[in-house]
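The values are calculated or read from the model by the stated rules, or taken from the named source; none is laboratory data. Keep in mind that what you see is a predicted model, and the values were worked out from it rather than measured. Positions of Cβ are backbone-derived with ideal geometry, glycine not excepted, and every protein chain shown enters the neighbour counts.
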Amino acid sequence: MADNIGIYKITNPLGRVYIGQSFNLAKREKFYKGHRSQMHQKLLFRSIVKHGWSNHCFEIICHLPEGTPANILNRKEFLFWKKYNDAGFNMLNLREPNGSRGRHSIESRKSMSETRKKLFITNPEYFRGCAVNKPIFQYSLNGEFIHEWESTKLASTTLGIERKSITQAVNQKSKSCNGYQWRFIKKDRIDPIAPFKLNRSKSTPVLQFTKDGELINEYPSQREAARCLKLDETAIAHAVRGKVNSSGGFIWKYKTA
């Protein structure tokens with residue numbers, strides 16, 4: 001099959017239809033033969049895995065000339081999808097075609113909404129970290145409740161703690177952040193954790209330099225430097241170890257005897 005532009009249709013053994021577009025139809029057919037999965041084509045790839053590619057029919061239903069702009073290709077794809085959808089075919093498209101992104105069909109959106117509602121009722125923890133402005137709760141290492149924040153962004157800005165570090169702690173990917181525990185659920189107390197023991201790198205004095213190499217200050221530890229300057233301790237650690245060139249706009253080095 002010669003390389004060309006157009007709209008294609010894939011029909012599975014149960015009569016379900018997928019409508020797609022490509023600027024290289026021959027390459028696209030080889031792509032499906034290789035069973036290469038894509039997140040936005042889950043239904044189609046499940047069908048290919050279950051029934052085998054040889055049991056699917058790949059047809060080019062519309063050829064378009066070289067140089068056809070993407071907006072025309074998108075429009076043609078949508079019209080063919082609508083034609084088969086309105087005719088009552090069971091579609092393998094998860095979304096209404098609209099270029100590379102598209103939009104989920106009404107049925108898909110309803111199904112996803114119902115699934116999310118059931119998940120939230122049975123397992124609220126499933127949604128940890130899904131909302132950007134979700135309230136978070138700050139606790140001491142002993143497990144005592146300290147403060148409620150409207151969002152990780154507000155806590156980060158107010159306390160001068162890197163937002164990513166708070167997010168990792170609130171999602172429990174790390175036990176604590178900046179000497180605090182963080183949760184999405186409010187309780188009077190949570191389980192205490194032992195404070196981190198200072199290792200050599202955290203108790204060794206560090207020197208702060210400008211990027212021109214001029215000494216600015218000396219701190220008893222990288223933790224103290226992070227606290228005083230409201231910088232992320234991990235970022236300073238990476239800088240003194242040479243993993244990054246600088247942190248907070250400064251060069252950092254361990255003080256040697």
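Is it the case that residue 79 is assigned by TED's automatic domain parsing to the domain that holds residue 25, within 19 Å of residue 31 (Cβ to Cβ) and outside any strand (DSSP E or B)?
For residue 79, the condition - assigned by TED's automatic domain parsing to the domain that holds residue 25, within 19 Å of residue 31 (Cβ to Cβ) and outside any strand (DSSP E or B) - is not met.
Matching residues to (1) part of a strand (DSSP E or B); (2) over 23 Å from the mean Cα position of the chain (by Cα):
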position: 142; (1), (2): no, yes
position: 145; (1), (2): yes, yes
position: 155; (1), (2): no, no
position: 164; (1), (2): no, no
position: 169; (1), (2): no, no
position: 172; (1), (2): no, no
position: 175; (1), (2): no, no
position: 182; (1), (2): yes, no
position: 185; (1), (2): no, no
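Being charged (D, E, K, R) and at positive phi, is that true of even one residue in the range 239-247? The answer is no, given that none of the residues of the range 239-247 is charged (D, E, K, R) and at positive phi.
Being surrounded by 11 or more Cβ atoms within 10 Å (Cβ to Cβ), more than 30 Å from the chain's Cα centre (by Cα) and either not small (Gly, Ala, Ser) or not assigned by TED's automatic domain parsing to the domain that holds residue 139 (or both) is a property that residue 228 has. Residues that are hydroxyl-bearing (Ser, Thr, Tyr) and in contact (Cβ under 8 Å) with a residue 40 or more places away in the chain were ranked within the range 165-184; the one that is farthest from residue 230 (Cα to Cα) is 180. Annotation note: of 183, 241, 223, 189, the sole residue that is closer than 17 Å to residue 134 by Cβ and not aromatic (Phe, Trp, Tyr) is 183. Pairing each residue of the range 244-257 that is part of a strand (DSSP E or B) with any residue that is among the basic types (Lys, Arg), provided the two are 6+ apart or on different chains, yields C-beta distances under 7 Å for 251/211. Can you spot a residue in the range 129-138 that is within 30 Å of residue 236 (Cα to Cα), among the small types (Gly, Ala, Ser) and at pLDDT 65 or above? Looking for residues that are within 30 Å of residue 236 (Cα to Cα), among the small types (Gly, Ala, Ser) and at pLDDT 65 or above, one finds none in the range 129-138, hence no.
Within the range 189-225, the set of residues being in a loop (DSSP other than H, G, I, E, B), loosely packed, with under 11 Cβ neighbours inside 10 Å and modelled with pLDDT of 85 or more comprises 191, 211, 212, 213, 214.
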